[in-house]
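Let me begin by presenting the structure, written as structure tokens, before commenting on it.
Throughout, read-outs are computed from the coordinates displayed, never taken from laboratory work. Nothing here was measured: the structure is a model prediction, and the numbers come from that model. Note that each Cβ is placed from the backbone with ideal geometry, even for glycine, and that neighbours are counted across all protein chains shown.
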């Protein structure tokens, strides 16, 4: 089973890197970019065959390591 | 007094930290991140600066899961002293030993210079060699030193007098100019500036020596 984990900054947490990307896009002539928020996509190949078990396991991975929930939120997709 | 200095793959201030503790009179023992236990009789654990695990995922996140960190957490739970500097501070927040997180500098630049700091509290083994409010000078060298915590967390740090150092001129956007914080029992200190790089007047100042001497004296007295 494959899992995709999206880790993004919580609302209200400043993202200076996203802001730098927004500036660069403006410099390139892309007008009308109101905001950019940068995050991570983590792809995991799992041995598990049970969808619910896989999801629970990946959520535990997020809580323990993949995301820092002080500043980040995560979303898990199982395929 | 025994100080255990932890080395992770990518640590680069471990030898400087060992030297600073030795200069202050401590016996230094070096610990590898895969060690499951600290040396017998460890009084203080030092988590050095550097780029543990290449800053992969988040600064300090992988190091926080190293086998040795379970032993460091147990040491802290027993009331032992822990000093985390720069990447060491990031490891301590990722380990849950200190609250909050160190984010990318607000200016996005790596900041490497000597800064003025205000000693915000003298009530700890680390800072008792100074007066509260005293201004000292230490080097900083980091890309991710922008301290962030939630409003409740910040209020707690202030109410409990757990902010150890603040920047006089904030170099990284850290909340409330925070450069270093203490744990609730005041025995775990995390700080972005490098006291171990300021232990010799010939090499840019010796303000950092005060911290190591104070800590060694406190551990010997205890």
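In contact with a helix residue (DSSP H, G or I) (Cβ under 8 Å, 6 or more places away or on another chain) and crowded, with 17+ Cβ neighbours inside 10 Å: does that describe residue B:52?
So residue B:52 passes the test.
Counting only strands (runs of 3 or more DSSP E) that fall entirely inside segment B:11-100 and contain at least 2 residues that are more than 14 Å from chain A (Cβ to nearest Cβ), closer than 29 Å to residue B:207 by Cβ and more than 17 Å from the chain's Cα centre (by Cα), the qualifying elements are B:27-32.
When restricted to residues that are within 26 Å of residue B:80 (Cα to Cα) and outside any strand (DSSP E or B), segment B:101-122 contains 3.
Those residues that are in contact with a strand residue (DSSP E or B) (Cβ under 7 Å, 6 or more places away or on another chain), in a loop (DSSP other than H, G, I, E, B) and within 14 Å of another protein chain (Cβ to nearest Cβ), I need them from segment B:132-174; list them, please.
Going residue by residue through segment B:132-174, those that are in contact with a strand residue (DSSP E or B) (Cβ under 7 Å, 6 or more places away or on another chain) are B:132-142, B:144-148, B:157, B:162-169, B:171-174.
Of the ones still in play, those that are also in a loop (DSSP other than H, G, I, E, B) are B:132-134, B:144-145, B:162, B:168-169, B:171-174.
Result: B:144, B:145, B:171, B:172, B:173, B:174.
Among the residues making up segment B:179-203, a single one is without any contact (Cβ under 8 Å) to a residue 60 or more places away in the chain and assigned to a strand (DSSP E or B): B:200.
Does residue B:128 satisfy the condition of being within 14 Å of chain A (Cβ to nearest Cβ), surrounded by fewer than 24 Cβ atoms within 10 Å (Cβ to Cβ) and over 14 Å from the mean Cα position of the chain (by Cα)? It would help to see each step written out before you state the result.
Numbers: within 14 Å of chain A (Cβ to nearest Cβ): no; surrounded by fewer than 24 Cβ atoms within 10 Å (Cβ to Cβ): yes; over 14 Å from the mean Cα position of the chain (by Cα): yes.
It is false that residue B:128 is within 14 Å of chain A (Cβ to nearest Cβ), surrounded by fewer than 24 Cβ atoms within 10 Å (Cβ to Cβ) and over 14 Å from the mean Cα position of the chain (by Cα).
In this structure, is residue B:133 in contact (Cβ under 8 Å) with a residue 60 or more places away in the chain and more than 14 Å from the chain's Cα centre (by Cα)? No, not satisfied. Set side by side, the residues B:200, B:159, B:177, B:150 differ, and just one is closer than 23 Å to residue B:73 by Cβ and surrounded by fewer than 22 Cβ atoms within 10 Å (Cβ to Cβ), which is B:150. Going through (1) on the phi > 0 side of the Ramachandran plot; (2) more than 14 Å from chain B (Cβ to nearest Cβ) one by one, residue A:52 falls short only on (1).
Condition check: touching a strand residue (DSSP E or B) at 6+ places or on another chain (Cβ under 7 Å), assigned to a helix (DSSP H, G or I) and within 20 Å of residue B:48 (Cα to Cα). Does residue B:125 satisfy that?
Values: touching a strand residue (DSSP E or B) at 6+ places or on another chain (Cβ under 7 Å): yes; assigned to a helix (DSSP H, G or I): no; within 20 Å of residue B:48 (Cα to Cα): yes.
Spelling it out, it is not the case that residue B:125 is touching a strand residue (DSSP E or B) at 6+ places or on another chain (Cβ under 7 Å), assigned to a helix (DSSP H, G or I) and within 20 Å of residue B:48 (Cα to Cα).
Might you let me know whether segment B:150-157 holds any residue that is in contact with a helix residue (DSSP H, G or I) (Cβ under 7 Å, 6 or more places away or on another chain) and at positive phi? Let's see the steps before the verdict.
Within segment B:150-157, the subset in contact with a helix residue (DSSP H, G or I) (Cβ under 7 Å, 6 or more places away or on another chain) is B:154.
Adding the requirement that they be at positive phi leaves none.
No: segment B:150-157 contains no residue that is in contact with a helix residue (DSSP H, G or I) (Cβ under 7 Å, 6 or more places away or on another chain) and at positive phi.
Screening residue A:23 on (1) over 12 Å from the mean Cα position of the chain (by Cα); (2) within 11 Å of chain B (Cβ to nearest Cβ); (3) closer than 28 Å to residue B:60 by Cα shows it passes everything except condition (3).
In segment A:41-71, how many are surrounded by 11 or more Cβ atoms within 10 Å (Cβ to Cβ) and in contact (Cβ under 8 Å) with a residue 12 or more places away in the chain? Count: 14.
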